[in-house]
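Worksheet for the structure shown next.
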Amino acid sequence: MKNKHIKEFCHLTNTAYSLLKQAVNNYHLSARTYFRLIKVSQTIADLSQEKIISDAHVAEALQYRIRVQEG
């Protein structure tokens with residue numbers, strides 16, 4: 001999925017968007033990382049058979065990013 005498709009196919013709840021926005025600001029994440037987090041969150045939502053990305057999906061995606069960064 002390209003970044004231009006995210007708006008069309010990836011739908012976040014308001015709390016999920018707020019969490020993502022907060023993480024971007026607190027950790028000074030790049031635009032590339034922002035879009036990657038949305039894509040990973042969408043994958044997690046898909047595996048849960050949910051159509052909308054929730055804050056739990058974003059939180060899980062953030063955990064994976066933090067673990068990779070530390071390792």
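Coordinate-derived values only; no laboratory data. Predicted model, so just to flag it, every value in this text is computed and none were measured. With ideal geometry, Cβ positions are generated from the backbone for all residues, glycine too; neighbour counts draw on all protein chains shown.
Between the amide H of residue 53 and those of 11, 12, 13, distances stay under 5 Å, these residues lying 5 or more places away or on another chain, with hydrogens modeled in the peptide plane.
Once the Cα atoms are used to define both axes, helix 14-27 deviates from the longest principal axis of the chain by about 20 degrees.
When the chain is fully extended, how far beyond the present Cα-Cα distance does residue 1 get from residue 36, taking 0.36 nm per residue of separation? Intermediate values should be presented prior to the final figure.
Numbers: separation 35, 0.36 × 35 = 12.60 nm, distance 1.01 nm.
Result for the pair: 11.6 nm of gain on full extension.
Exactly which GluC sites (Glu not before Pro) in the chain are in a DSSP loop and have at most 16 other Cβ atoms within 10 Å? It would help to have the intermediate numbers written out before the result.
On the way: sites: 8, 50, 60, 70; in loops: 50.
Loop-located and lightly packed - 50.
Once the piece of chain linking residue 48 and residue 17 is laid out straight, how much longer is it, given 0.36 nm per residue of separation minus the C-alpha distance between them? Before the final figure, lay out the partial values.
On the way: separation 31, 0.36 × 31 = 11.16 nm, distance 1.85 nm.
Answer, rounded to one decimal: 9.3 nm.
Sparse packing (at most 14 other Cβ atoms within 10 Å of the Cβ) combined with a DSSP loop state is found for the following trypsin sites (Lys or Arg not before Pro) in the chain: 2, 51. Where (i) 102; (ii) 73; (iii) 85 are the candidate values, the label of the one calculated here for volume of the Cα convex hull per residue in Å³ is (iii). Think of each Lys and Arg Cβ as +1 and each Asp and Glu Cβ as -1; about the Cα centre, that makes the dipole of the chain roughly 340 debye.
The long axis of helix 55-70 is offset from the longest Cα principal axis of the chain by roughly 30 degrees.
Contour minus end-to-end for residue 28 and residue 9, with contour as 0.36 nm per residue of separation and end-to-end as the Cα-Cα distance? Mind dumping the intermediate values first?
Working: separation 19, 0.36 × 19 = 6.84 nm, distance 2.53 nm.
Extra length available between residue 28 and residue 9 comes to 4.3 nm.
The loop-placed chymotrypsin sites (Phe, Trp or Tyr not before Pro) in the stretch 3-71, going by DSSP, include none that has at most 12 neighbouring Cβ atoms within 10 Å of its Cβ.
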